[in-house]
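*Asks:* Questions regarding the structure given below will be posed in turn.
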Amino acid sequence: LNEKKEAERSREQYLKVISVYQRVYLITPHTGYADDALLAIAHLYEAIHDYEDATRTLTFLIREYPSTPFKDTAEKDLNRLRGVPLQKTIAVDNIRYWEAQNSVRVVVDLGGEIHFNQGEAKGPDRVFIDIFPARLNTALNGKQWPVKSGLLQQIRVGQYEPSTVRVVLDVGTVGHVTSFTLRDPDRLIIDVLGQEVVADASPRGRGRSDSRQGGPGEGLTATAAEPAKAATAIKTPDRSADAGPSPAASQRPLPEGEAKPITPAKAPNSGTRSLVRSLGLKLSRVVIDAGHGGYDTGSIGPAGYTEKELVLDVAERLRGLVQMELGAEVVMTRSDDTFVSLESRTAIANQQEADLFISIHANSSRMRAARGVETYFLNFTSSPEALETASRENAASERSIHELQDLVKRIMLRDKLDESRELARHIQHAMAARKGAGTDRGVKQAPFVVLIGANMPSILAEICFISNPQEEKVVKTTANRQAIAEALFEGVRSYAESLSGTKTAGTQDKIN
Ligand SMILES: [Zn+2]
């Protein structure tokens with residue numbers, strides 16, 4: 001393969017050969033082989049981009065063996081090495097990935113800000129991403145990760161040029177590959193989407209439950225569509241992704257056996273059962289994403305109430321409602337005070353083949369009086385206010401936001417734009433209908449990282465302004481948090497009804 005250049009061969013093998021030559025030199029420092037060995041060592045160091053050791057070895061050769069026939073060669077090499085620009089390179093530290101039915105998300109962990117180029121090559125089909133100025137963590141040199149996805153056979157990485165690291169994806173029938181960078185910490189996200197996902201983004205292509213049937217995920221669907229069983233199991237996502245650098249191989253779906261049993265809060269009544277039957281097939285699995293967590297507190301209210309604490313509580317309440325009232329399975333992106341990266345939240349949703357993705361947040365404004373509720377779906381925006389919200393929720397710089405805007409412009413048709421807008425409309429309507437909800441700030445659009453690449457309708461709800469002293473006080477009350485969760489649930493339920501064309505008692509009067 002073209003990109004499998006010398007430099008991509010295992011660094012370890014080079015070091016082994018170097019040590020053999022070093023032994024030759026040490027055994028016979030006064031014979032005619034010593035200078036041969038030193039020159040060979042210098043060239044090997046250069047081949048693995050260890051210019052410092054190459055320079056040191058050549059300098060030693062010229063000084064200790066002034067009459068060597070290799071003097072000219074060594075001096076020429078030394079001059080060439082001095083010409084290598086001592087550019088500051090960024091470390092490429094780790095590669096992680098999540099495999100889903102029809103998408104794979106690859107994350108390259110970086111030691112700083114980089115530039116990158118994406119390209120394609122044929123025979124065999126592959127997509128490569130060149131990262132520069134960058135140097136590969138030696139432990140990763142020439143490493144390969146076999147991926148058992150129809151989209152992607154394997155991920156390879158190597159030091160392509162002295163300051164360029166190349167990530168190669170050996171792809172199958174790929175619909176689209178998107179890459180973008182995120183900061184704090186710096187990382188490059190590469191999304192590989194299947195053709196089905198791309199085609200499915202048409203306004204008519206709704207309902208993953210339908211597309212799943214008969215496919216390879218049939219076994220999973222059968223379990224998820226059986227509401228009585230599904231309601232007793234919660235899948236906890238693999239959180240090891242965010243516990244620091246970890247080998248990509250650990251990013252595997254959890255075995256079924258790890259599902260935790262829960263105690264039902266109350267038995268579903270017969271009315272709920274009929275609702276479950278009518279809606280169960282449309283919404284079998286819902287991902288609830290409590291924003292922030294761990295060291296990322298999110299916004300903090302004037303009295304010290306943190307967004308991460310508030311939204312986790314509301315998310316847990318919503319989980320109970322979705323399980324008990326809708327009989328759908330719920331996947332939480334976090335169920336305690338842990339940091340979970342934005343890109344892994346969406347990846348979890350795709351991996352779990354969820355039908356909905358609901359991200360819960362609390363708003364913040366420099367204006368203390370700002371209040372009310374708003375719901376976002378992923379799109380680019382021209383509203384400075386929406387951009388400000390996205391910038392805060394992405395924990396990203398303004399520059400990154402503009403890059404994300406461009407990215408979202410390119411990928412918008414591939415995400416479930418129409419369905420997400422529709423879901424946002426239902427959620428916003430229900431949230432604004434809650435007594436004491438404050439201003440109905442409406443459905444908005446912005447480039448939220450947590451929504452990028454989701455294969456299912458996905459929204460981000462700003463449930464209140466935690467920066468407003470009155471609203472902070474209100475949401476500190478358990479009853480009010482329960483009311484917010486119930487409003488979010490009403491939104492989910494009315495959206496589910498719109499999918500199935502079913503109306504159920506108890507929702508009509510509230511929504512219409
Ligand atoms: Zn937030």
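*Asks:* What are the pairs with Cβ atoms under 6 angstrom where one residue, in the range 36-60, is outside the structural domain of N137 (by TED's automatic domain parsing) and the other, located anywhere, is surrounded by fewer than 18 Cβ atoms within 10 Å (Cβ to Cβ) and among the charged types (D, E, K, R)? Sequence gap at least six, or different chains.
*Replies:* Within 6 Å, the pairs are Y45/D53; A47/E6.
*Asks:* Of the residues that sit in the range 123-161 and are among the polar types (S, T, N, Q) and part of a loop (DSSP other than H, G, I, E, B), which one is modelled with the highest pLDDT? So that I can check it myself, show each step before the final result.
*Replies:* Looking only at the range 123-161, we keep the residues that are among the polar types (S, T, N, Q), and these are 137-138, 141, 144, 149, 153-154, 159.
Still in the list and also part of a loop (DSSP other than H, G, I, E, B): 137, 141, 149.
Details: N137: 91, N141: 85, S149: 77.
Once the filter is applied, the top-ranked residue is N137.
*Asks:* Looking only at the range 325-366, filter to residues that are touching a helix residue (DSSP H, G or I) at 6+ places or on another chain (Cβ under 6 Å) and among the small types (G, A, S); which one of those is farthest from the ligand (Cβ to nearest atom)?
*Replies:* Going through the qualifying residues, I end up with G327.
*Asks:* Restricting the search to the range 302-316, which residues are of a type in the set (V, I, T) and near the ligand (Cβ under 8 Å from one of its atoms)? Can you show your working first?
*Replies:* Step one: list which residues in the range 302-316 are of a type in the set (V, I, T), which gives 306, 311, 314.
Hit for the range 302-316 is V311, nothing else.
*Asks:* Turning to a different aspect of this structure: Counting only residues that are of a type outside the set (G, A, S) and surrounded by fewer than 22 Cβ atoms within 10 Å (Cβ to Cβ), how many does the range 282-302 have? Write out each step before concluding.
*Replies:* Restricting attention to the range 282-302, the residues satisfying the condition of being of a type outside the set (G, A, S) are 282-283, 285-289, 292, 295-297, 300, 302.
With the extra rule that they be surrounded by fewer than 22 Cβ atoms within 10 Å (Cβ to Cβ), the set shrinks to 295-297, 300, 302.
Counting residues in the range 282-302 that are of a type outside the set (G, A, S) and surrounded by fewer than 22 Cβ atoms within 10 Å (Cβ to Cβ) gives 5.
*Asks:* Check E393, E374, E403 and return the single one that is within 16 Å of the ligand (Cβ to nearest atom), touching a Ser or Thr at 6+ places or on another chain (Cβ under 9 Å) and modelled with pLDDT under 95.
*Replies:* Working: E374 fails: modelled with pLDDT under 95; E403 fails: within 16 Å of the ligand (Cβ to nearest atom).
Going through E393, E374, E403 in turn, the sole match is E393.
*Asks:* Within the range 291-301, is even one residue in a helix (DSSP H, G or I), within 12 Å of the ligand (Cβ to nearest atom), under 14 Å from S359 (Cβ atoms) and at pLDDT 95 or above?
*Replies:* There is no residue in the range 291-301 that is in a helix (DSSP H, G or I), within 12 Å of the ligand (Cβ to nearest atom), under 14 Å from S359 (Cβ atoms) and at pLDDT 95 or above.
The values are calculated or read from the model by the stated rules, or taken from the named source; none is laboratory data. Note that this is a predicted model, so its numbers are computed, not measured. All Cβ positions, even for glycine, are placed from backbone atoms using ideal geometry, and neighbour counts span all protein chains on display.
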